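What follows is a single structure, written as structure tokens, with notes after it.
The values are calculated or read from the model by the stated rules, or taken from the named source; none is laboratory data. The model shown is predicted, which means the values in this text are computed figures rather than measured ones. With ideal geometry, Cβ positions are generated from the backbone for all residues, glycine too; neighbour counts draw on all protein chains shown. With ligands, DNA and RNA removed, areas are computed over all heavy atoms of the protein, side chains included. Shrake-Rupley method; radii C 1.70, N 1.55, O 1.52, S 1.80 Å.
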Amino acid sequence: MRSRRACLSFASFLLFCSLWIVPARADEIAERARKLHFSSIVLDTHDDTTQRFFSKDFDIAKRNADGSIDIPRMREGGMNAIFFSIWIDGRVMGPPAIQKALDQIDAVHENVRRNSKDMVFCRTADDVRRAHAQGKIAALMGVEGGHMIGNDIRMVRIFGDLGVRYMTLSHFYNDEWADSSTDKPAHNGLTDYGKDIVREMNRQGIMVDISHVSDKTFYDALEVSKSPLMASHSSCRALCNHVRDMSDDMIKALAAKGGVIQINYEVSFIDQAYKDASDKLSGGVVAIFDQLKKECGDDEACMGKKMNEMHDKAVADGKLPHVSWERIIDHIDHAVKLVGADHVGLGSDFDGASMPEGMEDASKLPKITEALMRRGYKDEDIRKILGGNLLRVMEQNEKVSRELQAQ
């Protein structure tokens, strides 16, 4: 009897300890993740917040009730480096496309200038690191669509001089020299002129972005470019079979030449059930875009707002499934297992896409670091994914640029 009581007492003691030890371990991971996150460079390569600069109701310095990006929420979520996307409808070409792009580039510079207490404009990887050391948010720019050079290669140099650090070769529609993933092939990938544009981007240190492009355009750019490529906001086709995502073979080829895939958070790019339901409901991403264009005209900010309203209503009505933010982690995990932690990063598509539940804005970003830590990722690898990998690709592009300009 005494032995049985002793066993029961010991079992009770173990149960008591487990009730305290397990939460303590969980809290330890959460605290470690928070320290790691807020000491790291957390860099997002694709945010469509630029279009909101043209709205009288938006102030990036203040916490906004809608959207995903503003300084208060960036500070809360530890996002300290951001690529503002320069974007216009891909069917606008020639001089009007150039003018609209220049208007947005100017808006980025002006908003950074007006908020110089919190933000600083950056052109190089070292600039980003200096901004981080100063406790400021590094602001960078990427042009989302080659149509914005107006079919004039000289604009690549001008964009470079204005601080553009990447250009997406196409958007939803083919431009004059590159095929898009969401349009009917017209050029069999890159034209000869398109290949010259890639070479000029290398010379200017402008990263070649292959998000949005057709598979053939991707392989053509990969062959021509002397610098590593990046996918500013694409996810994994193996987990969600969307043409905007990258196949395993494409991810492997990108990584083999030193590139990086920046995982997109858009629900239809990360969740197969949502994509299937969305395609059935609306006819696909281009059909949705065309509908929004009819409703909003040239007001890009309106298009982003309407898209989220459509998404929220369809989910609430049960027409579209709920998608958890943890699907982002699944895509990161898949790419890392495929090519290693040196070739994966974050490209949210905040303010330009429908976000999964739990990742509605920049304030939620610490969840990603904690989730990776709980999956066993090393601190060093998490820092790479949060921003280090993209900075390496920037540095390699800068090095190639110096070498080409010295020739």
Tell me the trypsin sites (Lys or Arg not before Pro) within segment 111-166 that lie in a loop according to DSSP and have at most 10 other beta-carbon atoms within 10 Å. Lys117
Which value in deg cm²/dmol, rounded to the nearest 500, describes the helix-derived mean residue ellipticity at 222 nm for the chain, given -39,500 (n - 2.57) per DSSP H run of n ≥ 4 and division by the residue count? -16000 deg cm²/dmol
Provide the per-residue ³J(HN,Hα) series for segment 347-363, in order, calculated from phi with Karplus coefficients 6.51, -1.76, 1.60 and θ = phi - 60°, each as a whole number of Hz, with x at glycine and proline positions. x, 4, 6, 3, 6, x, 7, 8, 8, x, 5, x, 9, 6, 7, 5, 5
Work out from phi, with θ = phi - 60° and the Karplus expression 6.51 cos²θ - 1.76 cosθ + 1.60, the ³J(HN,Hα) of each residue of segment 309-317, listed in order in whole Hz, and give x for Gly and Pro. 5, 4, 4, 4, 5, 5, 5, 4, 7
So the angle from the long Cα axis of helix 215-224 to the longest Cα principal axis of the chain, reported in degrees to the nearest 10, equals 80
Taking amide hydrogens as modeled 1.01 Å from N in the peptide plane, which residues meet the under 5 Å criterion relative to Val243, leaving out close sequence neighbours? none
Restricting the count to DSSP beta bridges whose residues both fall in the chain, what percent are antiparallel, rounded to a multiple of 5? 5
Taking H placed 1.01 Å from N in the peptide plane, check which residues at least 5 places from Gly345 or on another chain put their amide H under 5 Å from its amide H. Ile261, Gln262, Ile263
In whole Hz, what ³J(HN,Hα) sequence does segment 260-269 give by Karplus (6.51, -1.76, 1.60; θ = phi - 60°), x for Gly and Pro? 9, 9, 9, 5, 8, 9, 3, 4, 6, 9
Could you look at segment 40-127 and say what percent of its accessible area is carbon and sulfur, using a 1.4 Å probe and all protein chains? 51
So what is the accessible area of segment 34-157 per residue, in Å², with the probe set to 1.4 Å? 39
Can you give the relative contact order of segment 318-407 as a percent, counting alpha carbon pairs under 8 Å and 6+ residues apart? 33
Per-pair calculated FRET efficiency, R0 = 60 Å: Ser324 and Leu404 via Cβ, rounded to 0.05: 0.85
Skipping prolines and chain starts, which residues have an amide H placed within reach, meaning under 5 Å, of the one on Leu43, given they are 5 or more residues away or on another chain? Gly387
So the FRET efficiency between Ala30 and Thr124, C-beta based with R0 = 25 Å and rounded to 0.05, is 0.15
In whole Å, what three semi-axes, largest first, describe the equivalent ellipsoid of the chain built from its Cα gyration tensor (square root of 5 times each eigenvalue)? 38, 24, 22
Loop-located trypsin sites (Lys or Arg not before Pro) in segment 30-101 whose Cβ has at most 11 other Cβ within 10 Å (DSSP): Lys56, Lys62
Label Lys280 and Lys293 with points 7 Å out from Cα along Cα→Cβ: what is the distance between them in nm? 2.7
Contour excess over end-to-end distance, with Cα ends at Lys62 and Arg375 and 0.36 nm allotted per residue: 109.2 nm
Quick one: with all protein chains in place, what share of the accessible area of segment 274-407 is carbon or sulfur, to the nearest percent (1.4 Å probe)? 48
I need to check one value: relative contact order of the chain, counting alpha carbon pairs closer than 8 Å and at least 6 residues apart, in percent. 19
Which of Lys35/Lys117; Lys293/Lys364; Lys184/Lys313; Lys306/Lys367; Lys280/Lys319 have a Cα-Cα distance over 20 Å? Lys35/Lys117; Lys293/Lys364; Lys184/Lys313; Lys306/Lys367
Hand me the chymotrypsin sites (Phe, Trp or Tyr not before Pro) from segment 27-93 located in a DSSP loop with no more than 13 other Cβ atoms within 10 Å, in residue order please. none
With +1 on each Lys and Arg Cβ and -1 on each Asp and Glu Cβ, and nothing else charged, work out how big the dipole of segment 100-145 is about its Cα centre, in Debye to the nearest 20. 220
Segment 245-380 accessible area per residue, 1.4 Å probe, protein heavy atoms, integer Å², reads 41
Mean Cα-pair separation over length for segment 201-247, i.e. relative contact order, pairs under 8 Å, 6 or more apart, %: 37
